[in-house]
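Notes follow the structure.
The values are calculated or read from the model by the stated rules, or taken from the named source; none is laboratory data. Quick caveat, the model's predicted, so the values are computed rather than measured. Because the Cβ atoms are built from the backbone with ideal geometry, glycine has one as well, and the counts that use them run over all protein chains shown. Side chains are part of the model used for accessible areas, which takes the heavy atoms of the whole protein and leaves out ligands, DNA and RNA. Shrake-Rupley method; radii C 1.70, N 1.55, O 1.52, S 1.80 Å.
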Amino acid sequence: MTKETDALEQYLSKLEAELEAIGPVESADVIAEIRSHLTEAAADAGGDIEATIEQFDDPEVLAARILEERGILSAGTGSTLPEAPGYAKAMALVFDIAMWLVGVLFLLFFAYIDVGEKPNITVIIIAWTLVTALAAASVWWWTKGRRRPGRRTAGLDIMGLRRISIGGATRIVRIADIPGAKKVSNLGQTIGVALAILLLLSFVNSMPRQNKQMVATWVESAVQESSTGTQIVSSLYRDVTIGVKPGELTGASTSQARSAIKDLVSRRASGKLESYEIGKVELAAWQSGKDRSISPWAVPETTTVFVTVEEFPKGAGGATVPSHYTYEVICKPEPETKYSGGCVYLIKSVKISREDTD
Amino acid sequence: MEDLSQWLVQLRKGVVELLVLRLLALKGELHGYAIVKELNSIGRLVAGESTVYPVLKRLASDGLVTSRWVEGGAVEGGSGVEAGAGPPRKYYRISDLGSAFLTDATAEWDALVDSLNTLKGEGND
């Protein structure tokens, strides 16, 4: 586009904006006629369209005179085009606010950050700075643009309203009152807005619930692993009690576990072990990734269960005082496991704290 | 001077209609730019675009003139204005209703001028 056509189009755009009140058909006719006039006047003046436009009446003045002749604007009393009813303007504002909230909440949803058990302060500060900057920028843009004549918003469209300029003043009128303006069906737009709001609300509502469910699944899984840790230790003692040889117990265990089992077996063989009782079982921790924080998005790599066992030695007469052993059972999920949180359980290490009265 | 200029504005508003109809009655068919040029060449009664175009709109809506678009500019042909090269133009022509109105309005105008002249003559006496 050349500089001359830019100037012409700018003038005609302003004129068009001022003529919204007479409707699109008549407005287009006026624009075409003024374009023809200016083009011809510029040709007579040696092609200088900018100078021609300078000498032409301002678009606001020309538009005001046309509106006066059409009876839409009165020189003394202003516009005769009725302003839209107050309830309609209020409803349009409510819809616009709702759409703005939908936009902000959608962005918050996709930027959702779960901070876990030990929140990272730096991440929180950066995240909230971005969120508040985004909210401030969107409020500024929304309030700046909303009052411009000709600017359409979802709320205005739904309520069948239009913000137009008449004689330099801006007012909101019903589209039905603008001659020749097409009445746009708002049903589809209204349904679309309502569905968007409902969808977002359901997302936002389900988000913490999904997290809670995920955490609940993890806790349940941890409880299962605790009991499985108990079963591992219990079956170990049972096997030892019935006389299974050490070599048969150590197939899937680490060297630390093997030495603990050998120690247990020797106590059994030496006759010192009369009976046993599984005591406290405690889920030590989930270890996820490199740190110990619980994250709902990460699968635990290991789970540690402490199982306490009280061994009752054989004693001659009197009450026997148990010895306490604590086994640290570490469970690790295997890739073939088809259940979430499932483990192939094995004693990877054993810590023994022993208090005996020998 | 301010009162005089205001009065002239009001006068032009009333007179421009008559002038436009008279012009069209004399010239046959004219487009907007030509009408503005002709009116401005007449004399002291300057009529700008902001006066002429709104008046043309009203005359058209009242049925006193008819209009048509001639695409691609226009040239004077044997049967009047025909399409040529250049920007499209909107041509106006006085209607039968407009001619009748012009006749009546001119008679009223002449009567008004006679009255004014009569008063002027008496004043000079």
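Each row is one residue, and each column tells you yes or no for (1) within 13 Å of chain A (Cβ to nearest Cβ); (2) farther than 16 Å from A:LEU62 by Cα; (3) at pLDDT below 90.
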site: B:LEU45; (1), (2), (3): no, yes, yes
site: B:VAL55; (1), (2), (3): yes, no, no
site: B:ASP62; (1), (2), (3): yes, yes, no
site: B:VAL70; (1), (2), (3): yes, yes, yes
site: B:GLY78; (1), (2), (3): no, yes, yes
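Given the conditions (1) more than 11 Å from every other protein chain (Cβ to nearest Cβ); (2) in contact (Cβ under 8 Å) with a residue 40 or more places away in the chain; (3) more than 19 Å from A:ILE178 (Cα to Cα), and given that A:LYS89 satisfies all but one, which numbered condition is not satisfied?
Of (1) more than 11 Å from every other protein chain (Cβ to nearest Cβ); (2) in contact (Cβ under 8 Å) with a residue 40 or more places away in the chain; (3) more than 19 Å from A:ILE178 (Cα to Cα), only one is false for A:LYS89: (3).
I want to confirm something. Restricting to the range B:10-43 and keeping residues that are within 12 Å of another protein chain (Cβ to nearest Cβ) and open to solvent by 60 Å² or more (accessible area, probe 1.4 Å), which single residue is modelled with the highest pLDDT?
To start, the set of residues in the range B:10-43 that are within 12 Å of another protein chain (Cβ to nearest Cβ) comprises B:10, B:12-13, B:16-17, B:31-37, B:40.
Next, only the ones that are open to solvent by 60 Å² or more (accessible area, probe 1.4 Å) stay: B:10, B:13, B:37, B:40.
Values: B:GLN10: 73, B:LYS13: 72, B:LYS37: 90, B:ASN40: 84.
This residue is B:LYS37.
Which one of these is modelled with pLDDT under 90 and touching a helix residue (DSSP H, G or I) at 6+ places or on another chain (Cβ under 6 Å): A:GLU26, A:GLU18, A:GLU33, A:GLU68? Explain how you work it out, then say what you get.
Numbers: A:GLU26 fails: touching a helix residue (DSSP H, G or I) at 6+ places or on another chain (Cβ under 6 Å); A:GLU33 fails: modelled with pLDDT under 90; A:GLU68 fails: touching a helix residue (DSSP H, G or I) at 6+ places or on another chain (Cβ under 6 Å).
Just one listed residue meets the conditions, A:GLU18.
Which one of A:ALA64, A:ALA21, A:ALA32 is more than 13 Å from every other protein chain (Cβ to nearest Cβ) and surrounded by 15 or more Cβ atoms within 10 Å (Cβ to Cβ)? I'd like the intermediate steps shown before the answer.
Values: A:ALA64 fails: more than 13 Å from every other protein chain (Cβ to nearest Cβ); A:ALA32 fails: more than 13 Å from every other protein chain (Cβ to nearest Cβ).
On inspection, the qualifying residue turns out to be A:ALA21.
Give the number of residues within the range A:40-58 that are assigned to a helix (DSSP H, G or I), of a type outside the set (Gly, Ala, Ser), open to solvent by 50 Å² or more (accessible area, probe 1.4 Å) and within 11 Å of chain B (Cβ to nearest Cβ). Write out each step before concluding.
First, pick out the residues of the range A:40-58 that are assigned to a helix (DSSP H, G or I): A:40-44, A:49-55.
Still in the running and of a type outside the set (Gly, Ala, Ser): A:40, A:44, A:49-50, A:52-55.
Those still in the list that are open to solvent by 50 Å² or more (accessible area, probe 1.4 Å) too: A:44, A:50, A:54-55.
Next, only the ones that are within 11 Å of chain B (Cβ to nearest Cβ) stay: A:44, A:55.
Qualifying residue count, the range A:40-58: 2.
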